[in-house]
1. Of Asp641, Asp685, which residue is in contact with a Ser or Thr (Cβ under 9 Å, 6 or more places away or on another chain), touching a residue at least 24 places away in the same chain (Cβ under 8 Å) and charged (D, E, K, R)?
2. For the stretch 229-249, which residues satisfy the criterion of being of a type in the set (D, E, K, R) and farther than 14 Å from Thr313 by Cα?
3. Answer yes or no: is there a residue in the stretch 617-637 that is touching a strand residue (DSSP E or B) at 6+ places or on another chain (Cβ under 7 Å), over 25 Å from Arg598 (Cα atoms) and assigned to a loop (DSSP other than H, G, I, E, B).
4. Residues in the stretch 429-442: is at least one modelled with pLDDT of 95 or more, under 30 Å from Ser289 (Cα atoms), touching a helix residue (DSSP H, G or I) at 6+ places or on another chain (Cβ under 7 Å) and in a loop (DSSP other than H, G, I, E, B)?
5. Among what's in the stretch 727-741 and is touching a strand residue (DSSP E or B) at 6+ places or on another chain (Cβ under 9 Å) and surrounded by fewer than 13 Cβ atoms within 10 Å (Cβ to Cβ), pick the residue that is nearest to Glu711 (Cα to Cα).
6. Look at the stretch 460-493 and say how many of its residues are in a strand (DSSP E or B), surrounded by fewer than 24 Cβ atoms within 10 Å (Cβ to Cβ) and either in contact (Cβ under 8 Å) with a residue 60 or more places away in the chain or of a type in the set (Phe, Trp, Tyr) (or both).
7. So Tyr106 clears everything in (1) more than 30 Å from Phe245 (Cα to Cα); (2) within 18 Å of the chain's Cα centre (by Cα); (3) crowded, with 21+ Cβ neighbours inside 10 Å except one condition, right? Which one?
Amino acid sequence: MIRKITILFVLLVSFESVAQVGTNGQDRKEEGRPIKEYNLTIEENKMTLGGVTANAMTINGQIPGPVLEFTEGDLAIINVTNKMDEETSVHWHGLILPNFYDGVPYLTTPPIEPGTTFQYRIPINQSGTYWYHSHTMLQEQKGVYGSIIIHPKEKTLEYDKDLVVVLSDWTNEKPMNVLRNLKRGNEWYQVKKGTAVPLSRVIKEGALGAQFKFWRDRMEGADIADIYYPAFLTNGKKQADYPEFLPGEKVRLRFINASASTYYWMDFGGGNPMVVSNDGIDVEPISKSRFLFGIAETYDVIVTIPEGTVEITATAQDGSGDTSLRIGQGTLYPAERIDRPDKVEMMKQMAKMDMKMGAPSMVGNKKKNTPKVLMQKYGMKMDMKDGQMNMNDNMSMKDGAMNDKMNMDDHMNHNDQMMQKDTSSFDYNTRKTYFNYDFLKAKENTTYKADLPVNDILLNLTGNMQRYVWSMNGVPLSETDKIKIKGGEVTRITLNNLTMMHHPMHLHGHYFRVINENGERSPLKHTVNVPPMQKVVIEFYNEEYGDWFFHCHILYHMMGGMARVFSYDTPRDKRMADYPVQKLIDETDHYYSWGLARIGSNFNELFLTSSNIRNEFGLRTEFDYDQNLEAEISYNRYLNDWVRVYAGVNTETSTPDSYDTFNTVGLVGVKYFTPYRFNVDVSMDHQLRPRIRLDRELLIFPRIFLEGEYEYRADFGWVNDLENNKSFESDTQWLVGVAYILSRNFSIQANYNNRYGLGGGLLARF
């Protein structure tokens, strides 16, 4: 009891913004509250959103789901009925709520089984703009999301009307097929949306040196977004029109980025936009006509309707598409569609940083949260003074991290001039200035008492684009333990992004300070963007109980393993006894299967693969039209991102042009994805015959790939008797070919193989 009183006292004296954020572990009583009840039904329906009618998951028959509206102090009762033939769930994003109702299935909340209804009971102790979405597999991508408005007990901002604006992205594919396509390393999405950077363009624009540095670090090039989307949506439409707003009215636009994997550049054509709130928390109002809108964030912007129509555009960060909102009537005040970024220029800039993607996997390391080797390489010495963090980095460009100069370059001084309408000039260096939160200033002091104990944690955001595995400190969720935290302490996390992509990191059930140039008035958020090759420091006061999910909100990154569980190490809710946490863990370690077939006039090949994070099963066959065949089946175990050992069986015809006899051998080997992106395979069969394989493919024009393969085998007579007193026999096979991409699944190809000669045909991926 004394401990609880102490924690409450610390909270009240050190965290002045708590009324708007919620009371965390304190006021959870349901008695005496006004009840606001909603009924939500999740079911499958046909929807036409991207020009194609496809299966979708709807809430009450719509995408997005209905707006849930509450007043601070209410008791929210939300009944969710599942009419699908699979499990579902709902997470209340940004709400401070009882752990049991957080909505992460198998971790905090039971899944909603088909044909059942689950009741969420949430005491509302905060105000602002929030949203809800499924936390089951990839269902959010198919439409299970909606918005939440919570009005304060006392009005804090002056405006006339509200308008909720939910942004999202839409694919006509099954999301699991999207992820499978990413896992197999298919470049189709980049080709389809025109963001792939072929070697011809790299050479033309004088970036070959930068390209070699990227290849050296096993990266193809600078990347922004992984997936092709045929549609980007505003409240479920390509263009959403609201002519009912009148000149002179102040409208509070409650923006929610409910996209699965899309950041947006927001641009306002007029209306004197004032950012007044972020992630549900009021900030010092600031004029912003353009900002980068991270996934899972919310921004409230007040605009004044002119004598005309204000347009607001949301352009996908990679420039592959946009969606827009128009409010008012009459003369249009157009907003800009942001140009596609120059990825070659990005490569040049990033190459100067000499940044390595990923960190070595820590297999077998029991202290996988903050390994000493990573702390020494990437960590920081930090001290807090007057709410500002002083950092003495021991990072260097050579070590594959960023230095202080880079951070200083990326922090924009938001003076009055910068807050005016941006120019059309928007090169990479200018874009970088938008990657921080320095423009967000809390209305009150957000610091904690100086004498509170602080637990420092380093989390390097790491990934492997070749296999599409995402991790922290080189370790995916399926291979790590919970991160233990204690009540009454401050947890300070350094998020160090060692990848080429932005990561929107979200912590369930808490708000954290994002340390920026505003010191003691650094803003409070529940989701933070961590830009490529930069670090962000967040901290939060530990006053909860139970386990809480922390993950990248790019849906496919989360499913690829970029997640952790923060645990207060308190007893698990008894209602969760039948729902093992391992089920959640296993979702990120799912097996994905794919294949490739080469159908040619000279010979044919078939590849089949089934793989999870550490294990891979493979089948390879090669045969011509003269009864020559070779087949190999293998089991591969990844030791880290780039190295795997394997064992298998190989069989091939031993008599030319005949299926009469086969030579079958067992073999063991090592496969290594090398710097400069070569696949090297070194093996030995049970007859002690070594084999070396080498292959590489390269995008040379927008849809044209160049491929090369080389194989060398030798028999030194260690087991077999060699004829004619030979000291060894050898065999060499090589191939050079080109392929033109027709679609996601098909390419036409031509090749020359030294064994089978010149030929061509079809490449089919499935």
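The values are calculated or read from the model by the stated rules, or taken from the named source; none is laboratory data. The shown structure was predicted, so the numbers you read here are calculated from the model rather than taken from an experiment. Please note: Cβ atoms are built from the backbone with ideal geometry, for glycine as well, and neighbour counts cover all protein chains shown.
1. Values: Asp685 fails: in contact with a Ser or Thr (Cβ under 9 Å, 6 or more places away or on another chain).
None of the other options fit; the residue is Asp641.
2. Kept after step one, since they are of a type in the set (D, E, K, R), are these residues of the stretch 229-249: 237-238, 241, 244, 249.
Within the stretch 229-249, Glu244, Glu249 meet the criteria.
3. No, that holds for no residue.
4. Checking the stretch 429-442: at least one residue is modelled with pLDDT of 95 or more, under 30 Å from Ser289 (Cα atoms), touching a helix residue (DSSP H, G or I) at 6+ places or on another chain (Cβ under 7 Å) and in a loop (DSSP other than H, G, I, E, B).
5. Applying the first criterion (touching a strand residue (DSSP E or B) at 6+ places or on another chain (Cβ under 9 Å)) to the stretch 727-741 yields 728-741.
Imposing the further condition that a residue be surrounded by fewer than 13 Cβ atoms within 10 Å (Cβ to Cβ) reduces the set to 728, 730-732.
On the way: Phe728: 17, Ser730: 11, Asp731: 8, Thr732: 6 Å.
Selected residue: Thr732.
6. 4
7. (2)
Yes/no matrix, rows are residues, columns are (1) of a type in the set (A, V, I, L, M, F, W, C); (2) closer than 30 Å to Asn181 by Cα; (3) in the same structural domain as Gln627 (by TED's automatic domain parsing); (4) in a strand (DSSP E or B):
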| site | (1), (2), (3), (4) |
| --- | --- |
| Leu699 | yes, yes, yes, yes |
| Glu711 | no, yes, yes, yes |
| Gly737 | no, yes, yes, yes |
| Arg744 | no, yes, yes, no |
| Arg755 | no, no, yes, no |
